[in-house]
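Enquirer: Sharing a structure, written as structure tokens. Questions coming.
The values are calculated or read from the model by the stated rules, or taken from the named source; none is laboratory data. Not measured: the values here are computed from a predicted model. With ideal geometry, Cβ positions are generated from the backbone for all residues, glycine too; neighbour counts draw on all protein chains shown. Each accessible area value is taken on the protein alone, full model and side chains, heavy atoms only, with ligands, DNA and RNA left out. Shrake-Rupley method; radii C 1.70, N 1.55, O 1.52, S 1.80 Å.
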Amino acid sequence: MPYTHYFWNIYTIAALWFLYAVLVLTCVVVVLRENRNPIRTLSWVIALIFLPYIGLIFYAFFGRSMRGQTMISRHNKRKLYGSQHSPHVDLNAQPLTPTEKQVVKLAHKVNRYPFTLNNRAQVFTTGTDKFAALKRDLQEARESIYLQYYIFQDDRLGSEIAEILKEKARQGLDVKVIYDHVGSFSSSNKFFASMRQAGVDAHPFFRVTFPQLANRINWRNHRKVVVIDRKVGYIGGMNIADRYLGLQQDGSAWRDTHLRLEGEIVESLLYAFSIDWNFLKTDNLMLVERSVSGHEKNDTGMQLLTSGPTDDWDNLELTYLRAIAGAVKCVYIQTPYFLPTDSLLRALEAAALANVDVRIMLPSKCDSKMLQYAGFSYITQCLKAGIKVYLYSPGMLHSKVMIVDDSFVTTGSVNFDFRSFENNFEGNLLIYDESLNRRMKDIFFADLALCRKLTITAWRKRPLLHRFLESLLRLLSPIL
């Protein structure tokens with residue numbers, strides 16, 4: 001019996017290792033068949049082969065691709081496309097540079113959102129101003145409220161907004177809410193249940209539960225979009241949480257950017273919300289009614305661009321690449337996390353080496369030390385290329401803005417990192433307007449006065465431990 005038991009254990013262990021080897025080999029074949037970036041492909045192959053169990057677990061959670069998967073059926077998508085109003089605009093008659101015309105065409109090709117005119121934007125750089133305006137607009141709503149946030153916290157600010165939404169639902173308005181399940185994980189179930197009981201149609205995006213944990217935890221909806229009465233829209237970087245009102249728990253400042261919009265662009269925001277909504281509730285298709293109300297006539301050009309892991313192309317990364325490559329004067333970037341793809345880093349280096357004024361502003365105090373160390377690993381390379389790098393001193397810089405030359409600006413939910421460009425569902429507004437460009441430059445340079453400019457001499461003197469952590473965490477940058 002002891003010998004039988006002994007051999008049974010050996011066979012069992014051998015069988016388990018054989019099954020594990022087959023599973024790893026299957027994953028390696030899947031990675032190779034996806035034809036990804038060779039460096040990333042090699043990284044996953046090495047991790048799967050030389051990190052037993054750990055590599056497989058990492059791959060299960062972070063390695064798989066959703067490329068080409070559909071969020072809603074083709075039939076429903078055709079219905080939505082048919083309901084979307086797409087005003088024809090002669091680009092040749094607009095004051096656009098050749099690069100901007102190409103950006104417009106590229107964004108429309110990958111995402112189908114039209115170039116729109118007759119728009120107006122109000123820029124917010126503090127949560128106090130933004131949420132005061134949002135609450136006022138919510139209270140004045142007469143027909144519908146569609147609200148989508150990555151984080152909807154059940155703190156003081158979140159409770160105030162929730163109460164407004166519940167009251168509007170009781171008044172008979174169509175109130176729909178999408179919140180990211182992981183982003184809002186710290187909020188209680190009772191918080192959202194109370195909204196549903198009051199008539200608010202609130203749902204989490206990609207609810208993460210067993211056994212779908214590995215399938216869903218890496219794909220987050222990071223968008224921040226609000227549409228009120230189909231007339232007023234909001235988009236930007238601020239979530240619903242007390243810290244976005246300006247101060248963190250340690251008393252340091254929180255700096256962000258958000259826009260309030262009116263005009264033809266609001267219909268694009270509505271359409272984007274409907275896509276996400278129909279992904280959640282395929283049995284209740286939300287069609288976008290064509291707007292019949294007139295808009296203030298002006299030449300403020302805007303275009304929405306969304307991106308996600310199910311898209312055929314890296315929509316936002318391609319658009320950023322085209323805009324940076326066409327820059328002739330300046331590229332100014334504000335981002336909380338700087339983990340650029342290899343293509344974007346090369347584009348910024350090429351622009352700086354061609355004497356384009358390239359400036360990158362990062363937070364001196366980041367809300368994630370891991371992301372900060374990984375991002376700092378790129379700074380030496382940037383400084384050597386002539387890119388000017390600044391650290392924002394007052395507190396956490398959460399603003400996501402890129403300004404190119406004299407009339408192009410993009411802002412929204414997109415961080416300048418792998419996760420935003422490849423894994424998250426994101427939304428940015430592309431703005432083609434000299435006046436708004438000047439406004440955003442004024443804000444950028446006002447922030448610049450509060451920054452510390454880095455020099456390559458001083459940067460090389462940072463502690464050896466910091467350099468080691470930066471290099472180590474840079475290896476994980478594609479999944480951070």
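Enquirer: What strands (runs of 3 or more DSSP E) completely inside the stretch 392-439 contain at least 1 residues that are touching a residue at least 60 places away in the same chain (Cβ under 8 Å) and under 9 Å from the mean Cα position of the chain (by Cα)?
Expert: 408-412, 426-432
Enquirer: Could I ask something else about it? Given the criteria within 27 Å of Arg243 (Cβ to Cβ) and of a type in the set (Val, Ile, Thr), does Ile387 qualify?
Expert: Answer is no for this residue.
Enquirer: What are the residue pairs meeting all of these: first residue in the stretch 102-124, first residue closer than 11 Å to Ser268 by Cβ, second residue open to solvent by 20 Å² or more (accessible area, probe 1.4 Å) and part of a strand (DSSP E or B), Cβ atoms under 8 Å, and 6 or more apart or on different chains?
Expert: Asn119/Glu262
Enquirer: Go through the stretch 440-456 residue by residue and tally those that are part of a helix (DSSP H, G or I) and not charged (D, E, K, R).
Expert: Adding up the residues that qualify gives 7.
Enquirer: Between a first residue in the stretch 310-325 that is surrounded by fewer than 18 Cβ atoms within 10 Å (Cβ to Cβ) and a second residue that is in a loop (DSSP other than H, G, I, E, B) and aliphatic (A, V, I, L, M), which pairs have beta carbons less than 7 Å apart while being 6 or more apart in sequence or on different chains?
Expert: Thr310/Met66; Thr310/Met71
Enquirer: Let me ask something additional. Select from the stretch 226-249 the residues that are among the aliphatic types (A, V, I, L, M) and not in a loop (DSSP other than H, G, I, E, B) and write down the one among them that is farthest from Ile265 (Cα to Cα).
Expert: By that ranking, first place goes to Leu247.
Enquirer: Working only within the stretch 463-480, note down all residues that are part of a loop (DSSP other than H, G, I, E, B) and either surrounded by 14 or more Cβ atoms within 10 Å (Cβ to Cβ) or in contact with a Ser or Thr (Cβ under 6 Å, 6 or more places away or on another chain) (or both).
Expert: If the condition is that a residue be part of a loop (DSSP other than H, G, I, E, B) and either surrounded by 14 or more Cβ atoms within 10 Å (Cβ to Cβ) or in contact with a Ser or Thr (Cβ under 6 Å, 6 or more places away or on another chain) (or both), then Leu476, Ser477, Pro478, Ile479, Leu480 are the ones that fit.
Enquirer: I'd like the residue in the stretch 250-259 that is assigned to a strand (DSSP E or B) and open to solvent by 10 Å² or more (accessible area, probe 1.4 Å) and, out of all such residues, is modelled with the lowest pLDDT.
Expert: Filtering first and then ranking leaves Ala253.
Enquirer: Exactly one of (1) assigned to a strand (DSSP E or B); (2) without any contact (Cβ under 8 Å) to a residue 40 or more places away in the chain; (3) open to solvent by 20 Å² or more (accessible area, probe 1.4 Å) is unmet by Leu362. Its number?
Expert: For Leu362, the exception is condition (3).
Enquirer: Could you check the stretch 147-159 and list, in sequence order, the residues that are open to solvent by 10 Å² or more (accessible area, probe 1.4 Å) and under 22 Å from Ser413 (Cβ atoms)?
Expert: Tyr150, Ile151, Gln153, Asp154, Asp155 - these are the residues of the stretch 147-159 that are open to solvent by 10 Å² or more (accessible area, probe 1.4 Å) and under 22 Å from Ser413 (Cβ atoms).
Enquirer: Ok, one more. Go through (1) part of a loop (DSSP other than H, G, I, E, B); (2) at pLDDT 95 or above; (3) among the acidic types (Asp, Glu) one by one and return the number of the condition Glu262 breaks.
Expert: (1)
Enquirer: Shifting gears a bit: Check Leu430, Leu448, Leu397, Leu391 and return the single one that is in contact with a strand residue (DSSP E or B) (Cβ under 7 Å, 6 or more places away or on another chain), open to solvent by less than 10 Å² (accessible area, probe 1.4 Å) and over 19 Å from Gly236 (Cβ atoms).
Expert: Answer to the selection: Leu391.
Enquirer: Checking the structure you have, find out if any residue of the stretch 405-415 is aliphatic (A, V, I, L, M), surrounded by fewer than 21 Cβ atoms within 10 Å (Cβ to Cβ) and in contact with a Ser or Thr (Cβ under 8 Å, 6 or more places away or on another chain).
Expert: No, every residue in the stretch 405-415 fails to be aliphatic (A, V, I, L, M), surrounded by fewer than 21 Cβ atoms within 10 Å (Cβ to Cβ) and in contact with a Ser or Thr (Cβ under 8 Å, 6 or more places away or on another chain).
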